[in-house]
Amino acid sequence: MEAWLKGKKRKSETPADAIQDDDSESTDVKLAILASLHPNVGQEALLDCLLEHDGSIEAASGALSILDIPKEEKKLRNPAVIGSQTSLKFFTGNSAGTGDALSPKKPRLMSKKGTTLHLYDPEDIAEHTPCSIVHNFLPADMANDLLREMLEESKTFEKITFKLFDNVVQSPHTSTFYVETDEELSIQKHEYFYNGARLTDVRKITPQLLRVKPLVQESVNREIEKRINTVYPRGEKLRFQSSDPWKPNAAFVNCYAGPQENVGYHSDQLTYLGPRAVIGSLSLGVAREFRVRRIVPKDADEKSAETPDLEGQIAIHLPHNSLLVMHAEMQEEWKHSIAPAQVIDPHPIAGNRRINVTYRDYKANLHPKLTPKCKCGIPAVLKVVQRRKENHSRYFWMCHGGYVPGKEKCGFFQWADFDDDGNPSWDRARYRKGTSHLPVCERNEPGDADSLGE
Ligand SMILES: O=C(O)CCC(=O)C(=O)O
Ligand SMILES: [Fe+2]
């Protein structure tokens, strides 16, 4: 941690490190480190300060040290309260979308860095973010039954513990994971890895989660079709996006007990969902702000000050019983978070708690027995080059051992090869050779950073 705070290079930098930067670290972790350095500053002020300093702990910590914290905390922008919708005209630039596969055709929002655009309307959300939303999604009784069931379950949810640079940190909310069969439960516990470690709490899907699943499935597939037809170039699915219907077989459930519980800016892991993953996210209980921001790739030697990110964050308001679909462009090009709130409206059933159920489609051909393993013997994690222009959008496998308390990462790195439907090259039955321009399993040894154009 010290080396990072002082701006020194981390020891044992690997090719995977070289194509990432500070931003690849979860905001949870950055917040945990900032909180330990500035124990008197609230979570929200820390988050705002981190955002204002482009995710740099060093810069944010420096600013917090100089400031008169108690006064400044009150003045900091973006109070995470339920805000009112800002005029879209203020944020919409004249420039049209880039026209690439990942940008909506409509003009791009040009919100200034550090500002938050609050969106409520489904049309605005579909137009300006990589998401779409369905309000009042379930019949009211069904939503309440699921909420009650999950509130009961969440009494035994736990915070996730992971490691960063010798610090063991905990997620600022609780969660657990549900699968459908006993066999899947056993496999999830013994073969799947998350942040380099096995999950200890995997549960069998509950009656209400199972009851709601087909409705989510139907609605998400409808939203995918709509997105393809109205937003994507030529009305075609994105490259690497699966051409199969979306079929959820797992649910990750989060509980935010009170306004301060949150999740920092992150992209969801693609390791088992594959490229261009779609996720169906159901919100129950207290309404909270889901924030998204686009990741703007930079040249290796480009400083953020020279190319300020023109786009601020967008807050999507997630009321009780709303289904948010994170579309195929979301995880690769954007980050998302649940911001801490100053105030919340208590919910008649949930009190101050919010339950979030993310239904996910785990791909059979990305089972950890099939994916590359690193030298630690742990199934490698699938990532994509997000922040660098060089090799931008390329997928790669890397070691995740560094996230396990007491374990160093081994530096394993390997480019990933998928066909245009996101099938990995080892899936002989489905992989359509020649549809991907990427080299087949090109190998880079640790330290071989030249081959990455760094
Ligand atoms: O609570 C939410 O709406 C988002 C949760 C989330 O981002 C996640 O589980 O990865
Ligand atoms: Fe997420």
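For the pair region 153-220 / region 135-152, the C-alpha centres are spaced 19 Å from each other. Once the chain from LYS433 to ALA287 is taken as fully extended at 0.36 nm per residue, the excess over their C-alpha distance is 48.0 nm. Other residues with beta-carbon under 15 Å from the beta-carbon of PRO348 carry, at +1 per Lys or Arg and -1 per Asp or Glu, a net charge of 0. For region 131-148, 3J(HN,Hα) computed residue by residue from phi via the Karplus equation (6.51, -1.76, 1.60; θ = phi - 60°) reads 10, 9, 10, 10, 7, 6, 5, 9, x, 3, 5, 5, 4, 5, 5, 5, 4, 4 Hz, glycine and proline entered as x. Please list, by residue number, every one of the trypsin sites (Lys or Arg not before Pro) in region 317-374 that is coil in DSSP and has at most 10 other beta-carbon atoms within 10 Å. Passing sites in region 317-374 are LYS369. Model label sites at VAL343 and ARG198, defined 7 Å from Cα along the beta-carbon direction, differ in position by 4.8 nm.
Summarising the label geometry, the points placed 7 Å from Cα in the beta-carbon direction at LYS226 and GLU158 lie 4.0 nm from one another. Of LYS213/LYS298; LYS159/LYS335; LYS373/LYS433; LYS226/LYS409; LYS335/LYS363; LYS155/LYS409, which ones are farther than 30 Å apart at the Cα? Those over the limit are LYS213/LYS298; LYS226/LYS409; LYS155/LYS409. One decimal place: the segment LYS375-ASN167 gains 72.6 nm when fully extended, by the rule 0.36 nm per residue minus the C-alpha distance.
Between LYS247 and GLU123, full extension at 0.36 nm per residue minus the direct alpha carbon distance yields a gain of 42.1 nm.
Every number in this text was worked out from the coordinates using simple rules, so none of it is lab data. Since the model is a prediction, treat every value here as computed from it, not as a measurement. So basically every Cβ, Gly included, is an ideal-geometry build from the backbone, and we count neighbours across all protein chains shown.
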